[in-house]
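> Below is one structure. I have some questions about it.
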Amino acid sequence: MFDSIPDALKVLQSRLKEHRDSGNMELQNGDHGYASSPSNIALIKYWGKEDKLLQIPLNNSLSLTLGGFRTHTQVRVLGRFLPHGHETSARPFSHKFALKNEDGIEIENIISDKMIKFLDAILFPFAPEISLSVQSQNFFPTGCGIASSASGYAALVGAIADLLQIKRIFNREEQHYWITQWARLGSGSATRSGMLGDDDLFVCWERILENGEVKLTTTEKIKHHPLWDRNLCHWVVVLDKTPKEVSSSQGHLLSKNTPLQIVRLAQIQQSYQTLKKAIEEFNFSVVAQLSEQDAFAMHAVMQSSQPAARYLTTPVAQFISHFVSFRNRNNLNCFWTLDAGPNVHLVALKNAESSVEHFLDDYMGLENSAPINIYKNKFQQNCLLLGRS
Ligand code: 2P0
């Protein structure tokens, strides 16, 4: 993996090595770093990769940051730096990983090959002899419809940045680049969760074209109109808890074998630019219309790939249909979107909050609807389970 990282990231990695070689970085057994990162929901989706190794997306994407769904991560050093002249790449320990749920109960303790390669790639040039023990906790319920890879990889990279005290070595722009690029290499959508600031409500991940080729990407916050602040509501409606048949990683690859991906990609840049402008201008109806359109476009790609990735299941389609009729009838500022799972995200302005919650109450009471759980994003606090049937 290290060979395929962007040149600018290699330069920052060399700076870390220089820092170590000059005796300014010491890592001892037990040293630790900590970070917490939010999840995000894409409004213009990342679906399909130009290059699997480099994690280059086929299109620009744009997300809303989900402050109420966070992963907290601590990394702890196993081993220590050997004295200058005695460095070795032999590690006495292996990397470790454990994940707890919101109740503090361990739900995973086996480290994946992907995470081992990822940690090796980050540490390779300047700390090859140490290992990391990674302890993560999701402060959102397992099965609430939020995948933990975005917040998970962003928090992991943030915790390593804290361990290395990159603030003392890199300027703010370099810190941002280091974190968002490593998060991207861990999991594409994680780059949109790796921002340094707390006011980064909307984030875009863009491809950079150089001589007709895309080898680099950037991740930046979008300048948003202040009326968005403290005016947004977000819920996740979990309609089906059966495990996915097709993972996101497989889905990205499968998207290449359907002609609908060509149709989706042909117009996506225009939607992306229009959505960005609508966020700057606080044009809610345009944000709503384009978000729903791209969700449908991505699910059309997913459903027509072979094998198909069917997340728009019958309960999801029924729910969306009821929600849209209610929304249109009442002319409310709210919209839906759907990721790689049968869980509908609803986004609304405050003036629609109570109407949406009445709708959700009524929906849960419908006899023919499947059992659902609804989680309300509290943005500054942990999410809240609204109801269950
Ligand atoms: C997104 N998703 O933009 C899209 C929409 C799901 C649907 O990015 O292979 O876990 O680790 O880069 O980021 C999920 O895919 O995939 C995803 P990898 P990732 O959020």
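> Could you check Ile146 against (1) touching a residue at least 12 places away in the same chain (Cβ under 8 Å); (2) away from the ligand (no atom under 16 Å from the Cβ); (3) under 26 Å from His345 (Cα atoms) and say which number it fails?
(2)
> Determine which single condition Cys233 fails, assuming it passes every other condition in (1) within 16 Å of the ligand (Cβ to nearest atom); (2) surrounded by fewer than 22 Cβ atoms within 10 Å (Cβ to Cβ); (3) more than 22 Å from Leu265 (Cβ to Cβ).
Here Cys233 meets the rest and fails (1).
> Does the stretch 58-77 hold any residues that are open to solvent by 10 Å² or more (accessible area, probe 1.4 Å) and assigned to a strand (DSSP E or B), and which are they? Break it down stepwise before answering.
If we filter the stretch 58-77 for residues that are open to solvent by 10 Å² or more (accessible area, probe 1.4 Å), which is where we start, we get 58, 60, 65, 67, 70, 72, 74, 76.
Across the stretch 58-77, the qualifying residues are Thr65, Gly67, Arg70, His72, Gln74, Arg76.
> As an exercise: evaluate Lys45 against (1) at pLDDT below 95; (2) under 15 Å from the mean Cα position of the chain (by Cα) and give the number of the one condition it does not meet.
(1)
> Of a type in the set (S, T, N, Q) and modelled with pLDDT under 95: does that describe Thr274? Can you show your working first?
On the way: of a type in the set (S, T, N, Q): yes; modelled with pLDDT under 95: no.
Spelling it out, it is not the case that Thr274 is of a type in the set (S, T, N, Q) and modelled with pLDDT under 95.
> For the stretch 340-350, check the following and say yes or no: at least one residue is open to solvent by 50 Å² or more (accessible area, probe 1.4 Å), touching a residue at least 40 places away in the same chain (Cβ under 8 Å) and within 22 Å of Asp103 (Cβ to Cβ). Full working, then the answer.
At the first step, the residues of the stretch 340-350 found to be open to solvent by 50 Å² or more (accessible area, probe 1.4 Å) are 350.
Next, only the ones that are touching a residue at least 40 places away in the same chain (Cβ under 8 Å) stay: 350.
Filter once more, so that each one left must be within 22 Å of Asp103 (Cβ to Cβ): none.
Within the stretch 340-350, none of the residues are open to solvent by 50 Å² or more (accessible area, probe 1.4 Å), touching a residue at least 40 places away in the same chain (Cβ under 8 Å) and within 22 Å of Asp103 (Cβ to Cβ).
> If you go through the stretch 322-380 one residue at a time, how many are modelled with pLDDT under 95, away from the ligand (no atom under 16 Å from the Cβ), touching a strand residue (DSSP E or B) at 6+ places or on another chain (Cβ under 9 Å) and among the acidic types (Asp, Glu)?
Adding up the residues that qualify gives 1.
> Please find, among Arg310, Arg327, the residue that is closer than 27 Å to Thr258 by Cβ and either of a type in the set (Lys, Arg) or open to solvent by 10 Å² or more (accessible area, probe 1.4 Å) (or both).
Values: Arg327 fails: closer than 27 Å to Thr258 by Cβ.
Among Arg310, Arg327, only Arg310 is closer than 27 Å to Thr258 by Cβ and either of a type in the set (Lys, Arg) or open to solvent by 10 Å² or more (accessible area, probe 1.4 Å) (or both).
> Moving on to the next point. Looking at Glu26, Glu87 in this structure, which one is over 22 Å from Leu185 (Cα atoms), open to solvent by 90 Å² or more (accessible area, probe 1.4 Å) and more than 22 Å from the chain's Cα centre (by Cα)?
On the way: Glu87 fails: open to solvent by 90 Å² or more (accessible area, probe 1.4 Å).
The match here is Glu26.
> Anything in the stretch 161-178 that is part of a helix (DSSP H, G or I), open to solvent by less than 50 Å² (accessible area, probe 1.4 Å) and either within 16 Å of the ligand (Cβ to nearest atom) or touching a Phe, Trp or Tyr at 6+ places or on another chain (Cβ under 8 Å) (or both)? List them, or say none.
Ala161, Ile166, Trp178
> Restricting to the stretch 291-301, name every residue that is of a type in the set (A, V, I, L, M) and either touching a Pro at 6+ places or on another chain (Cβ under 9 Å) or surrounded by fewer than 23 Cβ atoms within 10 Å (Cβ to Cβ) (or both). Spell out the reasoning first.
Taking the stretch 291-301 as the starting set, the residues that turn out to be of a type in the set (A, V, I, L, M) are 295, 297-298, 300-301.
Of everything in the stretch 291-301, those that are of a type in the set (A, V, I, L, M) and either touching a Pro at 6+ places or on another chain (Cβ under 9 Å) or surrounded by fewer than 23 Cβ atoms within 10 Å (Cβ to Cβ) (or both) turn out to be Ala297, Ala300.
> So, in the stretch 18-57, exactly how many residues are within 16 Å of the ligand (Cβ to nearest atom) and in a loop (DSSP other than H, G, I, E, B)? Before the answer, list the steps.
Step one: list which residues in the stretch 18-57 are within 16 Å of the ligand (Cβ to nearest atom), which gives 37-57.
Those still in the list that are in a loop (DSSP other than H, G, I, E, B) too: 45-48, 52-55.
Counting residues in the stretch 18-57 that are within 16 Å of the ligand (Cβ to nearest atom) and in a loop (DSSP other than H, G, I, E, B) gives 8.
> Would you pick out the residues in the stretch 297-313 that are free of Cβ contacts under 8 Å to residues at least 12 places away in the same chain and either within 20 Å of the chain's Cα centre (by Cα) or in the same structural domain as Leu62 (by TED's automatic domain parsing) (or both)?
Matches in the stretch 297-313: none.
> Just to be sure before I move on: is Gly68 within 14 Å of the chain's Cα centre (by Cα) and either farther than 30 Å from Glu292 by Cα or not acidic (Asp, Glu) (or both) in the structure I sent?
yes
> Can you say whether Glu102 is away from the ligand (no atom under 16 Å from the Cβ), open to solvent by 40 Å² or more (accessible area, probe 1.4 Å) and in contact (Cβ under 8 Å) with a residue 60 or more places away in the chain, as far as the supplied structure shows?
On the way: away from the ligand (no atom under 16 Å from the Cβ): yes; open to solvent by 40 Å² or more (accessible area, probe 1.4 Å): yes; in contact (Cβ under 8 Å) with a residue 60 or more places away in the chain: yes.
Answer is yes for this residue.
Rundown of residues vs (1) hydroxyl-bearing (Ser, Thr, Tyr); (2) crowded, with 18+ Cβ neighbours inside 10 Å, yes/no style:
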| site | (1), (2) |
| --- | --- |
| Thr242 | yes, no |
| Gln261 | no, yes |
| Val286 | no, no |
| Ser321 | yes, no |
| Asn333 | no, yes |
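> Out of Lys215, Lys241, I need the residue that is outside the structural domain of Ile116 (by TED's automatic domain parsing), in contact (Cβ under 8 Å) with a residue 12 or more places away in the chain and of a type in the set (Lys, Arg). Which one?
Exactly one residue qualifies, and that residue is Lys241.
> Another question, then. If you go through the stretch 180-200, how many residues are more than 16 Å from the ligand (Cβ to nearest atom) and in contact with a helix residue (DSSP H, G or I) (Cβ under 6 Å, 6 or more places away or on another chain)?
1
The values are calculated or read from the model by the stated rules, or taken from the named source; none is laboratory data. It should be emphasised that the depicted structure is a prediction, and the values quoted were computed from it without experimental measurement. When we count neighbours, we look across all protein chains shown, and the Cβ atoms used for this are built from the backbone with ideal geometry, even at glycine. The accessibility values were calculated without ligands, DNA or RNA, using every heavy atom of the protein model including side chains. Shrake-Rupley method; radii C 1.70, N 1.55, O 1.52, S 1.80 Å.
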